[in-house]
Amino acid sequence: MTIEIQTGHDLSDEIIDMMNQQRVQEYEINTKNFRQNEQDSTFFFLRDGGQVTAFGMLKPITLIHQGQMTTVLGIGNIIARDKSAGNGKQLMLSIKAYLDDKQRIGLGFCNSHVAGFYRKCGYQVLNDLPERFRYPLASLNGEKEKLSPALNSLCHDPIGGFIEALQSDDDHIYINQPFW
Ligand SMILES: CC(C)(COP(=O)(O)OP(=O)(O)OC[C@H]1O[C@@H](n2cnc3c(N)ncnc32)[C@H](O)[C@@H]1OP(=O)(O)O)[C@@H](O)C(=O)NCCC(=O)NCCS
């Protein structure tokens, strides 16, 4: 197994097609436009003998909370193509190692049915944060302004203190990009 890391602007048409098709297979619809919206994202491809077995991305996001800006890497587009074979975990461990190496905070959202998976991969999972996020530019571009309160958030903070700062009050947490 090898992990390949690529920036969004270097992705081939072939690999974008593969992700688009996999997203349709998983969700019946692909809501992502990798070529247009993910030029600055970092993509992770887990390969076994050349075949991609799992993939995911980190997207630069700026958060504003208590008037203070923090840049994080939004964890998204996590899919294991071959399931229940340890590929998802290996992918998430590689992403965690990358965040540790770069000393960057990783933050994503997930349904409760996959919360246990992220916990097993060593991520912090919380259910009281997602409903506080707001995307103020939502009405300009037809995006969601807020998330379903049923979602959980997943986080890896190599520095420490990030989640504690967000939990110190109930204020909204504003984001400069649509939900990822
Ligand atoms: C979620 C997903 C990435 C997991 O990948 P996977 O390769 O099937 O999972 P793994 O085989 O690596 O499992 C790692 C561990 O997590 C556990 N696990 C896997 N899915 C789980 C789930 N839904 N809930 C709880 N635990 C789970 C496994 O039992 C395993 O435990 P172990 O380490 O004790 O053996 C994969 O099921 C998937 O692609 N789902 C569809 C897309 C999706 O929902 N992505 C997440 C978007 S937020």
When you check Arg23 against the structure, is it under 24 Å from Gly142 (Cα atoms) and within 16 Å of the ligand (Cβ to nearest atom), yes or no? yes
When (1) within 16 Å of Arg81 (Cα to Cα); (2) more than 17 Å from the chain's Cα centre (by Cα); (3) without any contact (Cβ under 8 Å) to a residue 40 or more places away in the chain are applied to Arg47, the one that fails is (3)
Find all pairs meeting these conditions: Cβ atoms under 9 angstrom apart; at least six residues apart or on different chains; first residue within region 98-122 and closer than 14 Å to Leu73 by Cβ and in contact (Cβ under 8 Å) with a residue 12 or more places away in the chain; second residue within 7 Å of the ligand (Cβ to nearest atom) and part of a helix (DSSP H, G or I). none
Return only the number of the condition from (1) in a helix (DSSP H, G or I); (2) without any contact (Cβ under 8 Å) to a residue 24 or more places away in the chain that Met19 does not satisfy. (2)
So which residues in region 138-170 are on the phi < 0 side of the Ramachandran plot, of a type outside the set (S, T, N, Q) and without any contact (Cβ under 8 Å) to a residue 12 or more places away in the chain, if there are any at all? Leu140, Glu145, Glu164
Would you check which residues across region 83-108 are surrounded by fewer than 19 Cβ atoms within 10 Å (Cβ to Cβ) and near the ligand (Cβ under 7 Å from one of its atoms) and list them? Lys83, Ser84, Ala85, Gly86, Lys89, Gln90
List the number of the failed condition for Lys144; all other conditions in (1) more than 9 Å from the ligand (Cβ to nearest atom); (2) under 14 Å from the mean Cα position of the chain (by Cα); (3) within 21 Å of Arg23 (Cβ to Cβ) hold. (2)
Between Gln167, Gln90, which is closer than 22 Å to Thr42 by Cα and not β-branched (Val, Ile, Thr)? Gln90
Expected single match for at pLDDT 95 or above, closer than 30 Å to Ser168 by Cβ and of a type outside the set (S, T, N, Q) among Ile15, Ile61 is Ile61
Counting only residues in region 38-80 that are under 26 Å from Asp17 (Cβ atoms), among the small types (Gly, Ala, Ser) and outside any strand (DSSP E or B), the one farthest from the ligand (Cβ to nearest atom) is identified as Gly50
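The values are calculated or read from the model by the stated rules, or taken from the named source; none is laboratory data. Predicted, not measured: the structure shown is a model, and the values here were computed from it. Counting neighbours? That spans all protein chains shown, and the Cβs are built from the backbone with ideal geometry, glycine included.
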